[in-house]
Structure formats: C-alpha cells, structure tokens
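**Student:** Sharing a structure here in structure tokens format.
No value in this document is a laboratory result; all are computed from the given coordinates. Computed from a predicted model, the values in this text were never measured in an experiment. We place every Cβ from the backbone using ideal geometry, glycine too, and count neighbours over all the protein chains shown.
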4 protein chains.
Amino acid sequence: MALTGVLRPGFVQVRVLDMQAAIDHYTKRIGLHEVMTGEDGRVYLKSGDEFDHHSVILRKADHAGSDLMSFKVASEADLDSFEKRIVAYGYPVDHVPAGEQPGIGRRIGFTTASGHRFELYAHAEFSEPKPLIHNPDVWSVEPHGMGARRFDHALFYGPNVDENLDFFEKVLDFRCAERLDTPDGLLAIWLSCGMKAHDVAFVKHPEPSKTHHVSFELESWADVGHAADIITCYDISRDVGPTRHGITRGQTIYFFDPSGNRNEVFAGGYTYYPDSPTRTWDHTEIGKAIFYYERQLNEAFLSVVT
Amino acid sequence: MALTGVLRPGFVQVRVLDMQAAIDHYTKRIGLHEVMTGEDGRVYLKSGDEFDHHSVILRKADHAGSDLMSFKVASEADLDSFEKRIVAYGYPVDHVPAGEQPGIGRRIGFTTASGHRFELYAHAEFSEPKPLIHNPDVWSVEPHGMGARRFDHALFYGPNVDENLDFFEKVLDFRCAERLDTPDGLLAIWLSCGMKAHDVAFVKHPEPSKTHHVSFELESWADVGHAADIITCYDISRDVGPTRHGITRGQTIYFFDPSGNRNEVFAGGYTYYPDSPTRTWDHTEIGKAIFYYERQLNEAFLSVVT
Amino acid sequence: MALTGVLRPGFVQVRVLDMQAAIDHYTKRIGLHEVMTGEDGRVYLKSGDEFDHHSVILRKADHAGSDLMSFKVASEADLDSFEKRIVAYGYPVDHVPAGEQPGIGRRIGFTTASGHRFELYAHAEFSEPKPLIHNPDVWSVEPHGMGARRFDHALFYGPNVDENLDFFEKVLDFRCAERLDTPDGLLAIWLSCGMKAHDVAFVKHPEPSKTHHVSFELESWADVGHAADIITCYDISRDVGPTRHGITRGQTIYFFDPSGNRNEVFAGGYTYYPDSPTRTWDHTEIGKAIFYYERQLNEAFLSVVT
Amino acid sequence: MALTGVLRPGFVQVRVLDMQAAIDHYTKRIGLHEVMTGEDGRVYLKSGDEFDHHSVILRKADHAGSDLMSFKVASEADLDSFEKRIVAYGYPVDHVPAGEQPGIGRRIGFTTASGHRFELYAHAEFSEPKPLIHNPDVWSVEPHGMGARRFDHALFYGPNVDENLDFFEKVLDFRCAERLDTPDGLLAIWLSCGMKAHDVAFVKHPEPSKTHHVSFELESWADVGHAADIITCYDISRDVGPTRHGITRGQTIYFFDPSGNRNEVFAGGYTYYPDSPTRTWDHTEIGKAIFYYERQLNEAFLSVVT
C-alpha cells in the first residue's frame, strides 16, 4: 500500500473543567501516561504503546468539548499537497508553527462544513513511555487501568455531513467504510484513512462543531469487561455498554470524563481495505447499527454532545 | 493513507497429498469454507469474513509446500506500474490470464531472489459466504472450528534475504516492520504492505523456495486457546504453542496439515504504521524474538520446511 | 467437605408452546444436546459436559413457565432423611416413582411457601454425550452455539421469601450467599448448596409459583460476548446484557426462548464457601446489585415472569 | 451439600532465601497483598479476594520448599473429630496453639506417608484487603500483576501415594477426582474436598516431603496470557506454559519464585461433584494428562522439586 497521505489520527485536544480530575481520569482509569505540562497549562498525554509525543491534550476551559483533532501525514510534502487541495476545495487554511504543541512540527488547520477544526502535521518527536525498538518486550511499562493502547478515533456531530463525506474522500483520500441513510438523507458516515473501520465519524446534527466522543482502543473484549468494572468501582458515569456496534463491529463501552466529555473504550472491529464495499445501513435498522445487542437507540446517546 | 499499490495478501496455493483430508482440515478445523472445485481439480477455499473469491487454493501433488503467494493491488494501473518496476529491477515477469483461477483477473508473476514465486492481481470477484454489506450482521454464517477470519500472511525460507528486503521495499513499496540480525548478517525480515506487522516474512535458508508456514488470523487469545483444544482433540500434529512471538507480538499456535504443511493461527500483534521505527533484534535474543514465553528456539521450528 | 445432602441442581422442567422451536433454541443456540423423547412427548436435553441423563425437560403446554426444579442428593439415605425433615417442617411430601423421567430414580416432591414445586432424587443414569472418563479429552463432542456447560440455577418469584430462606437453610442445609433487604423487608435471596454463589434464588412477588429465569453456565466473558452475537444474529429476543451482576459477580446476558421463558447464560461469579459471610444489599443499591454496570433496574426485568 | 469437614486449602508456608525478593515476587508479580510481618520475621500474604487472614506465609530459610499446608475445617468440633480419626488411622497428631500464626486459631498437625506436614484449623480472623460484604463492589482494591484470586492448591512429591489416597479418602473425606496409573502402580492422585477438581495432589517420588508447586487461581485464560507476559517482561524463570492440563482441564503456566520454588497460576478446570466418576489416566497418555497441548512430558517438570 502506498505510504503517502494521511496516516492516522494524531491527537485530540479536549476541554476540561477540573485539570487534576481530568488527569486522574485519563491516566489512572483509562490508562494513559502524563508526558508533560506546557507553559500555558495544557497537559499532554499518551499511551505507552504510542511512539509519538502525545495523543491527547487537556486544556482547562469553562465548558467541555474538543477544540480540534489532528491527523498525522506521511511527509512535509504531503502537508503542502493537502494545503493546495484544501484551498482548491474552497476552505481557508491556517498555519500553526512548530512547537505550538511541544514535540509537534508545523500544522495546517481548517474547518469542515460541520464546523469542526481539523489539522494535519507531518512531524512528531517520540516521547516516553513508548514501545521498545531493540529486542523489544511487549511493553516498556506494565499496562494499568483500562489499558488503553491508543487514541483511536473521534465521532463528531454537526450539519453538512454530505459535504464532509465529499471533502474527506476527495481532498484527504479517506474512504467511507459505513454509512447510515434515512428517508431524510445521509445521517452518518464512518471514514477510514487506513485499515481501521473508522478513523473519524460524523453524525448529522443541527448545531455545528459538536463532539460526541473520543475513543481509545483496548486489546480485547476481556479488557472491555475490565473497563466496565473500573467504571462502576470508581463510580464513573457510564453511558452505554458493554455492547457491540453493528457499525464497525467494535465491542464497546461509553462513559463520561469528570468534565462531561464522552469517552469510549473499545476492542475489535473488522479490518478495512480500500476495496472493501461500503457497508450501508438504513433507518429500519438504526438500532442494530448503533447498539448491536440492544437493537434500539438510547435517546441520550443521540442527543448529549459537548 | 493513499490507496494505490499492494493492498494485502490475496491467496496462497498449497500442495497437498490427500485432497479430502486437506479439505476437511482447512474447513472443519481451521474454519474456512469450500467455494468450489476447479476443472483441474484444484479446490478453492475462503473465510466467511473475506469478500474475495478465495484465499487458499489446494492443489493435489506428490510433495507438500506452496506453489505461490499472490498479493492483491488496488488497480489495473498498479499492475502495469509494478510490472515495469519489477522488470526494471531485473526480474522477468510472466503473465497469467484472467480465469486461470476462477474469479480472479489477470496476474503478473515473478520469482524473488529467495526462489519464491509471487504474483500480483487487481481483480477478484466476490464469492459466498462473505461479510454482509447492507444492514450487516456480524457474520453471515456462524463461525466454526478455529474460526479463522482471513489468510493473513506466509513465512518463506530461502537465500538472499537481503535482496528480498531491497526488492520488496524499493519495488513493491513494502516496509520492514522487524528484522533479525546476527553476526553472520541479516537472518530474517518481516515486511508490511499496510497496517499489519507483517504480510510476508523471510528467513535465510540455504535451500531456495521453501515455505515455513501459512497463517490465519483469529479474533483473540481466547480463540488461540480454543484452537489448541481442537488440535489435541482431533489429534492434529502440533508444532509449537500456544505462545506469543516477540516479533509482531502475535499470540500463536503452530500445527501441521495432514500433508505436512505448517499452519499458524494467531491473534493480536501491534498496529504498524509507515512511520513506525523498524523493530530490530540481534542474536542475543533470538529465542525471545521467536517464542516470547519460551525464550529459546525449537530446532524443528527452524529446520522443518516444505 | 462432607459429601452428604443436596449436591446440586439436577434438572428443570420447562413448559414450551412449540416443541420443535424449543428444541432448536436449546440445542442449536444454547448448545445443549437432545438425549431422547419420552413416550409422553417430553424431550430430554443435557450439556455435553454433564454426566447425568438430562438437565432440562421440555414439556409441551399452552403457557410458558416451569413445572418443577429437582436437586440431586448424595444418597438414597439422604432422600429418606430429607423427607423426614421436610415433613417435620410441615410441608407435605409426595413420591414420584423411578422411571417417571427416563434415567432418573425415585423422587420426593414438595411445594415451598413461594408456591414452587421442588424435588429431590439420588439416582441418575449417565447418558451421551458426557465427559470422557478414561484418558479424557477436554470434550467428547465439540461445543457449539453458546456452548452451555451446565444447567446452573433458576430464579423464582413468589411470596414468603422469608419462609423460603428459613426452609432452605434449616431443612435442606443451603446457605444464604447474598440477600437484598428493603425498608419493606427481605426482597430477595441467593442460596447455595455448595461452592457456587447460588444454586437457586427467590424474589418476593405477590403471585406464587412464578419463574424468572433458568440459567446455563458458560466458560468465560468471551463466551458471553459470543452468546450476545448469536442472540442478535438469530434474532432471539434479548432482555438485558451483556452485563455483570453485583450479586454473585456473574457476567451475564438474558434472553427469551421462543415460548417466552427467560433464559440466562453467564460466566464467572465468586467461589462461595460455607464460612463466607452473607453479602447484604439494601434498597439504596438495588440497581447495582442486579445490573452492576447499568446501576439501575429495568422494569421488565422485575415484572415479566412466567 | 453438608457443611462439615475440610472446607478448603487455607495456607501454605513457603521457604525463601531472600525475603524482600520473595515479597516483591508474590505481591507485585503474582498480585497478592502483604498483610503483616510477624515477630519471628515470617511474612503473611493474601489475595484481595480472600476473607481469611492470610493464605501464604513466607519464611526465611537456607533452602527452598514448603514447610506445611493447612486446611480450614468448618468447626472446632470438626477439629476434634478429625484428630480422633487421624490418631485412629495411626498417625500422631500434634497441637499448635492459637496465635502461633497471627489471626489463626489452634491447629492440629500430622505427617502423611509421603512425608508431608499437613494441618487443620477451624478459626481465622479476617484481614484487609478482603471482599466487600455490604453493597459490595467486585473488588475493594483494583487487581494488579497477575491478579491471583486465591491460593488454590499444592502438588507434593513423595513415596506412598497409595497410602495418601487411602488416608485422605477415609480420614479427611476427600475424593479422588483423577488418578494416573502406570504398569508400576499408582503414580499420581488429584484430591478434592469440595467442588474443585483438586485441592491437593501427590506424585510418587522416592524422596519424601517434596513440593512440586503451589498454585494460585486466575479468572480466565486471558489472565494466563497476561501472566505469561509478566513472566517474560520481568525476566521470571518460566517452567512450562501457557498450556492446558488434561488432568483437571486447567489452563496454566508454571514459573519459579526467586528462591526456586515452583509456582503455578491457572484458570478454569471443570466443576467436580462427589458423584463425578474418578477420571483415570494410564501410562499411554501421561503426556496428554499433564500437558494437554504438548502431549509429551518435560523432564524438568517431573524431576525438579523443592
């Protein structure tokens, strides 16, 4: 497979109301590690199984939600190429200098028709802990808490999902792994930039720029069960699960961080390839699409966003 | 991630001494499905979780081993492009017309410096059973036996591993996820064309064109355990495992089909990205590299090939 | 541990509306085996991991529910001893001759204050399939469907739970592993005759003689997940789960057979010993007691009984 | 099931060469908790899922092995009753006063024909951490390391296994769940005092009073895999596994503590009942009996004892 273009979700910047409570949640419970605190107070986190400097940034704010999601691209040349394509599509592009986030090179940013800020960058320094490289053990630091292995994807809510689909396919070379259509039109899309069933997803929603959840990957369904135990034992607010998604087949549980941001930890899901047909869902099976076992929706899951 | 080039392992053609025993082994035990028998007696198999027409071909022969491994590429244009690059590298390319294998388009073939025949093709029809596409359940047919989800990779033995590395990287755009070097030079390489830790691997061996194993992917370590039960209950010849590889982190068990071809079923392994550093191993930790728990090699594992 | 007295749940007789649909459900989906059909049309089922003749009897009837639950005791002398103790407690005892159910010896029967018929018997013939005894493989028949390993327990609804507790403790030598008390008094009890957290349980309910569910044991949480896939893929009516119970810690999923009888398959739960303190729950945590992850009750779970 | 007699393995006293290394091994790696250090320097450990004061005692000594294994009985009256039966069988009984081990009541001790010291006691105080009792969460302390849930059993080597079988059955009311016979006579026995496939086991060996391993129970095969990762990552000396035993069906891995005592962690195994037939093995399948997947013995496993 050619190695140019958008590689994967790089990081997400999450707004939190109480920084220490947020750090405890993402490190002790979800299992990330604290890399450093920046001069402006933002806190940088990563999984011990990620090489790059960080994958989650916590920013103190007065309301929950996420500021931006950034994708890592394969090269500086890709950055230039994507800038041209984005501008040609009609979206303004801004530039964030290297070092605005420690360990991350220059970034280009833009806003999709759904109102969400995305960024691309090509360079990240490594930080500790990270996977071992020479005669590597399976981990350099014993996993803890839920044992999250990576920031995996995010799901955003906003208008103009059709345009987002067109943009991500035509400009960023993503592919649509699954889509959900209702008699009122396209309701939701799951987009892949590689071999995962989704790297980002969008659900149609009247208000722009909303975040449904940020998601972390676990090793197995056994770990989803352990995460569920942690959620109850530490009295974390649970949303839904353990269950499976019909869409992507992921085995999942949803819960909220102390600021009210929805998190997911999940395992599994099929391997996607560019020649995989787009799986399609219609309104008769929305319940099964979202919650495969319950086969019905949960109103809060659809309406509570940050 | 750009979508051109080699997508994945497509199929492997395995030589078997007793066709019915082989069909029973690969379908009832490993969990594949029989798609059809060709006019020349070759039998075509697939997992119920694969879209394409087949992923394993069984050919009756008087000695075990594999005839060839084929990769699927993203487009017909890629086929032409790769043909030029292969020829430019100095390897002759031959052409196999569409239909030589049912459901598969034209193929180009060539032999690597290790003596192995590889092929590329861009077109495959779908066959049943395959994953559902509209309002899909998690399977169209309930998994059985070991529950193999796909033909995942193969490991080959032969000379000139250095040249194979050079060829796969420069001509086919693979990347080296892991390598094992000894004081005598490069011993083995694990090559990825996508986000898996390996799609094909080579170990240095004096005799060319040898096959160590063909491997099928399972969902989890729980399934590796179930596979181990099946292996003993049905008196299948086991080689090694259940264990884990240090290389790729895969959780694995090895066994032999009734003709003496080594099979692997495995689960897990890390997600590889093109910017992941190549993991390197040296001779001091070969044991751990291969069998992470045993931390020592098994002579038969190194020397028995077909 | 002394070996006299009630050993375990032996069998449950379930009323079904459509016999063939019931057989398909309990064999193909839950994973039991059909042993035989009796002259009166009752169908006898068992798990391949149970020695005794059968553990579930299906009886064609015009409404769902269960007729009786029988416990196996260690000896004929125990039968006589328990008969005296039951009569001394004030409950009439009736006698069912050997052979009323094929493969089962004489039984004594009685009705508890909750209106449920229970029986005791000391003799059961073995039937196939059963665990191997000499140089045994882990199974004589490969598990299928949900892979149920045994009929494990039942939960009944009815009045006079206090008296049931007194009777099972004093007369049958059961112990109360867990109990749930509300300001209105004792609401529910989980009773053990051995080392499992429960062998039978009762919930206070105005109407006597009701059955909440019959439960089958699985190997692991991985199997609970697989059961959930089967439930959706075969469009079986699901009630609740996958989740965990606070009470017993069992990892569970509930669903209905085609006649409307509630089934549970579950894994895990702690090991109970006679010197384990009774775990107690109060009304402030009923939700967590029943559904540990949801931490709230589901009205249908409390009110739908057969 | 009647509640008198021997309930379960209570504790084992293990000799260690380096106390701090032993504490680290049993707590950080196996997942036990340190309860206290006695005045004589012995260190008391337990799992967070055990109620009683301790289940492992570490004693500093100049050679590895175990001093004794104690079983908990249901009542003081049982202690007196067993003392009479043991003396009547011809074995001297000695008395250990309450408090010789903190939190443990009076004990009676005796030596079996295999040369091993066993003890019985009826009283143990609870210690922290232990399972919660009122509105209990699934754990009071998050599991760590391998997550051992209890000291489960021990396997001893010594002469006169036939007499041990007779003694445990006739005097202590154990039952023989499995036995292994060779043309030279009875080689090994697995004895149950409850519903587990074994609580203690013996293998014929010329030298008396030897310990093969002490074993800790884990929740699942997934945990056995995690234990294997811990063993390699922390460079713990592994003996065998992950594998399964044919005998008991336990899924297992063996390793050594820093003093050379063999440990096992395992999951699963069938549920044993007093009316379960004794599973029998003969010399033709010793390999499969011990290591179900390998189907052959490992010389060190048979000969290295402490």
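**Student:** Counting only pairs 8 or more residues apart or on different chains, how many lysine pairs in chain B have their Cα atoms under 17 Å apart?
**Tutor:** So the count works out to 6.
**Student:** Further question: So if R0 is 41 Å, what FRET efficiency would D:Ser140 and B:Tyr91 give, r being the distance between their Cβ atoms, rounded to the nearest 0.05?
**Tutor:** Calculated transfer efficiency: 0.05.
**Student:** Select from D:Thr112, D:Ser192, D:Ser259 the residue farthest towards the positive end of the dipole of chain D; place +1 on Cβ of Lys and Arg, -1 on Cβ of Asp and Glu, and compute about the Cα centre.
**Tutor:** The Cα lying farthest towards the positive end belongs to D:Ser192.
**Student:** Taking the Cα atoms of the protein assembly as shown alone, what are Rg (to one decimal) and Dmax (as a whole number) in Å?
**Tutor:** Answer for the protein assembly as shown, Rg first and Dmax second: 31.1, 97 Å.
**Student:** Just need the Rg to Rh number for the range C:150-303, please, alpha carbons only, Kirkwood Rh.
**Tutor:** 0.95
**Student:** Using Cα pairs under 8 angstrom and six or more residues apart, how large is the relative contact order of chain A, in percent?
**Tutor:** Answer for chain A is 17 percent.
**Student:** Can you list the residues of the range D:44-76 with backbone N under 17 Å from a point 7 Å past the Cα of D:Asp18, pointing along Cα to Cβ?
**Tutor:** D:59-65
**Student:** Need one number for chain C: average projected area of the convex hull over its C-alpha atoms, nm².
**Tutor:** Orientation-averaged projected area of the Cα hull: 15.3 nm².
**Student:** Moving on to the next point. Using C-alpha positions alone, give me the convex hull volume of the range B:3-45 per residue in cubic angstrom.
**Tutor:** Convex hull of Cα atoms, per residue: 107 Å³.
**Student:** Residue by residue, what Karplus-based ³J(HN,Hα) values in Hz, rounded to whole numbers, does the range B:300-306 have, using 6.51, -1.76 and 1.60 with θ = phi - 60° and x for Gly and Pro?
**Tutor:** 4, 5, 7, 10, 8, 9, 10
**Student:** Which chain C residue comes nearest the axis with its C-beta when you rotate C onto B, and by how many angstrom?
**Tutor:** It is C:Ala222, 2, counting Cβ atoms only.
**Student:** I've got another one for you. Going 7 Å from Cα along the Cα-Cβ axis for the label, what nanometre distances separate A:Leu132 from the same residue across the other copies?
**Tutor:** 3.7, 4.0, 4.5
**Student:** Restricting to DSSP H runs of at least four residues, report the calculated mean residue ellipticity at 222 nm for chain B, -39500 (n - 2.57) per run over all residues, nearest 500 deg cm²/dmol.
**Tutor:** -5000 deg cm²/dmol
**Student:** Based on the Cβ-Cβ distance of A:Lys84 and B:Phe126, what FRET efficiency does E = 1/(1 + (r/R0)^6) give at R0 = 30 Å, to the nearest 0.05?
**Tutor:** My answer for the efficiency is 0.20.
**Student:** For a quick check: with amide H placed at 1.01 Å from N, whose amide H comes under 5 Å from A:Asp239's, ignoring anything fewer than 5 positions away on the same chain?
**Tutor:** Close amide H contacts, sequence-distant or interchain: A:Tyr254, A:Phe255, A:Phe256.
**Student:** How many Cβ atoms of partner chains, on average, are near each residue of D:267-279 if near means within 10 Å of its Cβ?
**Tutor:** Mean inter-chain Cβ contacts per residue within 10 Å come to 5.
**Student:** Around D:Gly10, which amide H atoms from residues at least 5 apart in sequence, or from another chain, sit under 5 Å from its own amide H, with H modelled in the peptide plane?
**Tutor:** The list, which skips near neighbours in sequence, is D:Ser70, D:Phe71, D:Lys72.
**Student:** Counting Lys and Arg as +1 and Asp and Glu as -1, each charge on the Cβ, what is the dipole of the protein assembly as shown about the Cα centre in debye, to the nearest 20?
**Tutor:** 0
**Student:** Here's a follow-up. To the nearest 20 debye, what is the magnitude of the charge dipole of the range D:6-121 about its Cα centre, counting +1 on the Cβ of each Lys and Arg and -1 on the Cβ of each Asp and Glu?
**Tutor:** The dipole of the range D:6-121 has a size of about 240 debye.
**Student:** Can you classify the range A:48-128 as rounded, prolate or oblate using the Cα gyration tensor, where a ≥ b ≥ c are the square roots of its eigenvalues, rounded means a/c under 1.5, and otherwise it's prolate if a/b beats b/c and oblate if not?
**Tutor:** Note, shape of the range A:48-128 comes out oblate.
**Student:** Take the eigenvalues of the Cα gyration tensor for the range D:65-171, scale each by 5, and report the square roots as semi-axes in whole Å, largest first.
**Tutor:** 30, 18, 12
**Student:** Can you list the copy-to-copy distances for C:Gly41, using a point 7 angstrom from Cα toward Cβ, in nanometres, shortest first?
**Tutor:** 5.5, 7.6, 7.9
**Student:** Would you mind calculating the relative contact order of the range A:73-186 from Cα pairs under 8 angstrom and at least 6 residues apart, reporting the percent as a whole number?
**Tutor:** Worked out over the range A:73-186, it gives 21 percent.
**Student:** Right, something else. What list of ³J(HN,Hα) values in whole Hz, one per residue of the range A:239-244 in order, does the Karplus curve 6.51 cos²θ - 1.76 cosθ + 1.60 (θ = phi - 60°) give from phi, with Gly and Pro shown as x?
**Tutor:** For the range A:239-244, the Karplus-derived couplings read 9, 8, x, x, 8, 10 Hz, x marking Gly and Pro.
**Student:** Under 1.5 on a/c is rounded, so check that first for the range B:203-265, then, if it is not, pick prolate when a/b is larger than b/c and oblate when it is not; a ≥ b ≥ c are the square roots of the alpha carbon gyration tensor eigenvalues.
**Tutor:** oblate
**Student:** Over the protein assembly as shown, what is the percentage of antiparallel beta bridges among all DSSP beta bridges, to the nearest 5?
**Tutor:** Taking every DSSP beta bridge with both residues in the protein assembly as shown, the antiparallel ones total about 70 percent.
**Student:** Rounded to two decimals, what ratio of Rg to Rh does the range D:80-239 give with C-alpha atoms and a Kirkwood Rh?
**Tutor:** 1.01
**Student:** Let me know the shape class of the range B:75-117, please: from the alpha-carbon gyration tensor, a ≥ b ≥ c as square roots of the eigenvalues, rounded when a/c is under 1.5, otherwise prolate if a/b is greater than b/c, or oblate.
**Tutor:** Cα axes put the range B:75-117 in the oblate bin.
**Student:** D:Ala197's amide H: which non-local residues (gap 5+, or another chain) put their own amide H closer than 5 Å, with H modeled 1.01 Å from N in plane and none for Pro or chain starts?
**Tutor:** The list, which skips near neighbours in sequence, is D:Tyr272.
**Student:** Using each residue's phi in the range B:107-119, evaluate 6.51 cos²θ - 1.76 cosθ + 1.60 at θ = phi - 60° and report the 3J(HN,Hα) Karplus result to the nearest Hz, with x for Gly and Pro.
**Tutor:** My calculation for the range B:107-119 gives 10, 10, x, 7, 10, 7, 5, 7, x, 9, 8, 10, 9 Hz in order.
**Student:** What whole-number distance in Å separates the alpha-carbon centres of the range D:81-148 and the range B:177-254?
**Tutor:** Between the Cα centre of the range D:81-148 and that of the range B:177-254, the gap is 46 Å.
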